[in-house]
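See below for the structure under consideration.
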Amino acid sequence: MNRASLMGSLLLLCCCLVALLIPIQALVDINVATANDIHSNLNRTTSPCTNFWNFACGGFSSASEYVDNFERVEDQFASAMVEFMESHLGENDTLAPRLIGQMRLYYKACTEDMRKLHGNPRPEELVNHWTVHPKKFLVDGLNGVFIDERVDVAANDSMRWLVQIKMPDPAARYSDLRVLQLMRLYEEEWYTWGVFELVEKMHQLQDEYRAQNPLVYTWSYSELRRQIPIPHSFFIELLGGNHTEEFDRLTFEVSDVEYLRECFRFLRDFARDPKDTYIRARQYVLVEESEPRERNPRSCIHHMRAYLPLGMNYIYDRFIYQNREQDAQKLQEILSNLKATFGKYLDANRLQLTTDQLAYVRAKLKGIQIRIGNLPEEKSPEFYNNHYGSANFTRTNFLANLLEALALRTRLQNAGLLERDSRVDLRHYYVNDNVRKARTSPFYENERNTITVPMEFLQWPLFDHRQHAIFQHSLVGAVMGHEMNHAFEQEGILFEAAGNESPVGLEIRESQAFRDAIKCAEQPPFVSLKERLADLNGLQLAYDSFFGLDHDSRKFEYRPYAFERQFTAPQLFHLSYAQFFCGSLPPVIAHDRDDERVNVSVGNLRQFAYDFNCETSHSTNCEMWRPREEANSNRNVHP
Ligand SMILES: [Zn+2]
């Protein structure tokens with residue numbers, strides 16, 4: 001490298017960025033690679049001003065073999081894990097040999113035993129073989145049959161475990177439809193007609209009693225039994241045989257009470273054979289839905305990520321993940337930056353919060369934690385080695401292993417309930433919910449006031465600790481900004497710093513200024529308002545954190561980076577941010593579609609139009625916490 005280009009790479013763009021400068025020599029390769037990646041995803045036939053997503057990501061599908069950058073990093077994760085599983089690494093491990101052995105057995109059976117349920121036209125033998133305990137369906141991991149049951153924490157005490165009971169989610173109907181399809185294969189049996197009747201009755205009751213915001217009752221065990229005719233045996237089977245007297249210490253949060261009453265009344269008098277058949281068939285469908293569609297090394301890894309998260313994360317963290325320390329340091333830096341900027345927002349107090357309310361929001365902001373990898377704080381090898389100890393996996397029978405894994409997941413979810421006054425043991429806490437596909441994107445939990453960043457996510461092109469700050473603060477910065485803002489949208493604001501629902505939060509949400517602020521996010525129509533709010537506020541927060549409040553690119557002349565000659569710093573920021581959303585637009589369920597998310601977000605960032613020299617419209621931008629433009633320019637008059 002000649003001196004001139006070295007100097008060029010060392011110079012930064014404007015004085016406000018000097019603090020973020022890192023010696024660049026070691027970074028050139030990863031930065032050139034990142035910039036090249038961004039360029040190869042461009043579609044230059046579109047104007048960034050009219051459809052920014054298409055400009056930034058329109059070339060992705062022809063440039064990449066992947067559906068999106070998520071598939072790309074998940075694939076990298078899977079390759080590394082396949083290599084581990086097929087090696088002898090960790091066999092004589094001194095820390096957690098048993099856990100590693102169990103995970104390898106599961107993987108071997110998944111890749112070597114090719115028997116599967118999916119696509120089997122008449123699964124009689126399998127149904128009888130795999131699902132033998134219609135009465136213990138909940139403890140076997142089958143949920144959403146008659147009721148939805150989960151272990152969660154109390155609304156007013158985020159450290160106390162309790163049992164939530166409500167009617168099944170409407171999505172469970174897909175599984176019922178599959179059951180009825182299976183029943184048609186057995187039409188000659190009398191009890192299949194009973195199954196049709198049962199399913200029809202359940203759906204009818206659910207339609208009749210489903211409410212938008214059902215009342216939630218907090219009951220003791222005996223109150224629950226007084227209110228709803230749930231048989232005692234149901235709980236013995238769910239929670240283990242010898243705990244009857246301990247049930248009285250449990251707390252239940254129960255919603256859809258009318259439905260539950262009618263449902264259990266009906267079940268009490270309903271014939272047993274069709275009831276059992278229905279449960280067995282649902283268990284069969286659960287296994288069918290849970291097994292990987294295609295059985296190969298990678299699909300087995302992806303499956304195990306979702307069903308055995310602790311084992312997979314432990315192995316990846318210990319044997320594969322290289323950069324925990326550097327990554328943690330970078331992410332902490334980004335988070336402190338975001339927090340500092342949000343703190344400045346609160347100084348301006350756009351929502352005119354009272355002193356108490358401001359103190360509440362500040363405490364919550366201060367308390368936001370970040371965690372890399374969905375792993376507990378606990379470090380002792382015994383904990384990991386024994387955590388899956390109650391599961392009996394074999395090398396020869398994958399479907400039996402899958403049933404074991406489902407039951408294990410339920411056991412681990414329930415484990416805290418009857419222990420130690422059912423308090424959450426934070427040292428052992430990690431997310432172990434009923435997902436079928438593991439999370440790759442960071443997520444925020446209200447009850448823990450914590451952002452978890454999965455280790456899968458911390459891979460190039462999404463993130464690399466050696467990248468220039470502009471790549472990190474735009475992409476991971478905006479993602480963390482999004483997650484942080486979940487703490488302050490209309491649902492998250494209800495929870496205080498320690499994760500308990502608070503009247504102060506409710507007061508803020510009910511205030512006129514807050515309601516007006518979220519109203520502007522309602523256009524264009526959205527899939528989820530809180531996701532829309534997190535998107536808008538997250539990008540604004542990340543932008544302000546990197547460029548400073550009230551940044552105006554029209555006032556600066558930018559020198560090029562050594563790794564990027566075409567785009568100016570603010571343009572590169574937006575392009576790098578968009579990489580999170582680049583892909584070939586599949587239908588998305590919980591968020592708006594990716595193109596919509598990007599375009600609405602940049603459309604509400606007032607600087608975007610200046611950064612790309614777009615004609616500015618006079619429509620107002622939707623800003624919630626960010627100080628008003630006028631307020632800013634008045635405050636920033638420097639001598
Ligand atoms: Zn979100």
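Dimensions of the stretch 135-227 from C-alpha coordinates, computed as largest minus smallest value along each principal axis and given longest first, are 52, 29, 26 Å.
With the simple spin-label model, which puts each label point 7 Å out from Cα in the Cβ direction, the ASN434 to ARG565 separation comes to 5.8 nm.
Using only the C-alpha atoms, the convex hull of the stretch 236-288 corresponds to 137 Å³ per residue.
Put the Cα centre of the stretch 212-291 next to the Cα centre of the stretch 142-188 and the gap is 10 Å.
Note that the chain shows a convex hull volume over its alpha carbon atoms of 176 Å³ per residue. Only Lys, Arg, Asp and Glu carry charge here, each on its Cβ (+1 for the first two, -1 for the last two); on that basis the stretch 353-490 has a dipole of about 160 debye about its Cα centre. Applying both filters, DSSP loop and at most 11 other Cβ atoms within 10 Å, to the GluC sites (Glu not before Pro) of the stretch 222-316 gives GLU294. Stretched out straight at 0.36 nm per residue, the stretch from LYS366 to GLU246 would grow longer than its current Cα-Cα span by 39.4 nm. Projected onto planes of every orientation and averaged, the convex hull of the alpha-carbon atoms in the stretch 191-310 covers 10.6 nm². For the chain, DSSP calls about 75 percent of its internal beta bridges antiparallel. Label positions at THR394 and GLN329, each projected 7 Å from the Cα along the C-beta direction, are separated by 5.0 nm.
Among the GluC sites (Glu not before Pro) in the stretch 186-215, those placed in a DSSP loop whose Cβ has at most 11 other Cβ atoms within 10 Å are GLU187, GLU188.
For the stretch 528-570, applying the loop criterion from DSSP together with a ceiling of 15 other beta carbons within 10 Å to the GluC sites (Glu not before Pro) yields GLU557. Once the C-beta distance of GLU112 and ASP273 is scaled by a Förster radius of 45 Å, the resulting FRET efficiency is 0.75 to the nearest 0.05. With a Förster radius of 22 Å applied to the beta-carbon distance between ASP152 and GLU208, the computed FRET efficiency rounds to 0.25. Counting other Cβ atoms within 10 Å as a rough exposure proxy, the listed residues SER255, SER79 run SER79, SER255 from fewest neighbours to most.
Taking LYS275 as the anchor, which lysines have their alpha carbon closer than 25 Å to its alpha carbon, excluding any fewer than eight residues away along the same chain? Counting by Cα, and skipping residues close in sequence, LYS275 has these lysines nearby: LYS135, LYS136, LYS166, LYS201. The label point for PHE266 and the one for GLU557, both projected 7 Å from the Cα toward the Cβ, are 7.6 nm apart.
Each value in this text was obtained by applying a stated rule to the coordinates, not by laboratory testing. In this text, all values refer to a predicted model and were calculated from it rather than measured experimentally. We place every Cβ from the backbone using ideal geometry, glycine too, and count neighbours over all the protein chains shown.
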